[in-house]
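Just below is one structure, and these are the notes that go with it.
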Amino acid sequence: MRNIRAILKILDDVSEWSGKIFSWFIVTVIALSLYEVFTRRLLGKPTIWTHEIIAYCFCGAVLLTIGYTLKHKSHANVDILYGYLSPRAQTILDLFTYTIFLGIFVSFLLYFGIKFAATSWSIMERTPSAFNFYIFPAKTMLPVGVFLLTLQMISDVIRMIVFLVKGESL
């Protein structure tokens, strides 16, 4: 049981730290938005790069924190009947939905996300804008974010199985 707790701690720590680090992208989005408004409206000198960098940072804020969001149970849920179930029935339902729905979703997104990013890397893809910045870092955030979600999903599934088998929450 000690080994399981150690594994869960590592998985949860990855989710926690990735959420705390990558959530700073939102601050960057706000700062760059303010900078763009200032340069465009007050100085009359808009930039060609801020919109793309803002989009990349927002992409990172969303994709790279989905494991953290799952860890803190902050995704949208429809729980009309769920609240009426016993803790054991809730865990069985969670285990079913995690493995069937989230498992399939993560598998497809990871597979196609890696292909999507690899294709972009192989051609050193750039944006068609005047800034002409590399786009493959943004496309790489998809499989990385889904991988972080997968790690947290594994942690949650282990917790569910231990609860169902031993009756204790980890």
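The values are calculated or read from the model by the stated rules, or taken from the named source; none is laboratory data. These numbers were taken from a predicted model, which means no experiment stands behind them. Reconstructed Cβ throughout: ideal geometry from the backbone, glycine too, with neighbour counts over all protein chains shown.
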Specify which of the listed residues (156, 94) is at pLDDT 95 or above, surrounded by 14 or more Cβ atoms within 10 Å (Cβ to Cβ), among the charged types (D, E, K, R) and part of a helix (DSSP H, G or I).
156
Residue pairs, Cβ under 7 Å, 6 or more apart or interchain, first in the stretch 136-147 and buried (at least 19 other Cβ atoms within 10 Å of the Cβ) and modelled with pLDDT of 95 or more, second among the β-branched types (Val, Ile, Thr) and in a helix (DSSP H, G or I). List them.
143/114; 145/66; 146/106
Restricting the first residue to the stretch 115-134 and requiring it to be in contact (Cβ under 8 Å) with a residue 40 or more places away in the chain, which pairs with a second residue that is surrounded by 12 or more Cβ atoms within 10 Å (Cβ to Cβ) and β-branched (Val, Ile, Thr) meet a Cβ separation below 8 Å and a spacing of at least six or different chains?
127/135; 133/53; 133/127
Name the single residue, out of those in the stretch 117-135 being farther than 27 Å from residue 75 by Cα and among the hydrophobic types (A, V, I, L, M, F, W, C), that is modelled with the lowest pLDDT.
130
Hits in the stretch 26-57 - residues which are touching a Phe, Trp or Tyr at 6+ places or on another chain (Cβ under 7 Å) and closer than 18 Å to residue 136 by Cβ
49, 52, 57
Could you tell me which residue of the stretch 19-54 is surrounded by the fewest Cβ atoms within 10 Å (Cβ to Cβ), considering only residues that are assigned to a helix (DSSP H, G or I) and among the charged types (D, E, K, R)?
41
Which residue is surrounded by the fewest Cβ atoms within 10 Å (Cβ to Cβ), if the candidates are limited to the stretch 55-91 and must be of a type in the set (Gly, Ala, Ser), under 16 Å from the mean Cα position of the chain (by Cα) and part of a loop (DSSP other than H, G, I, E, B)?
76
Residue 9 versus (1) under 17 Å from residue 148 (Cβ atoms); (2) of a type in the set (D, E, K, R); (3) surrounded by 15 or more Cβ atoms within 10 Å (Cβ to Cβ): which is the lone unmet condition?
(3)
Filter the stretch 128-153 for residues that are of a type in the set (Phe, Trp, Tyr) and outside any helix (DSSP H, G or I); the one that is nearest to residue 111 (Cα to Cα) is 134
Flag if residue 52 is over 26 Å from residue 129 (Cβ atoms) and acidic (Asp, Glu):
no
When you scan the stretch 66-120, how many residues do you find that are β-branched (Val, Ile, Thr) and in contact with a Pro (Cβ under 7 Å, 6 or more places away or on another chain)?
1
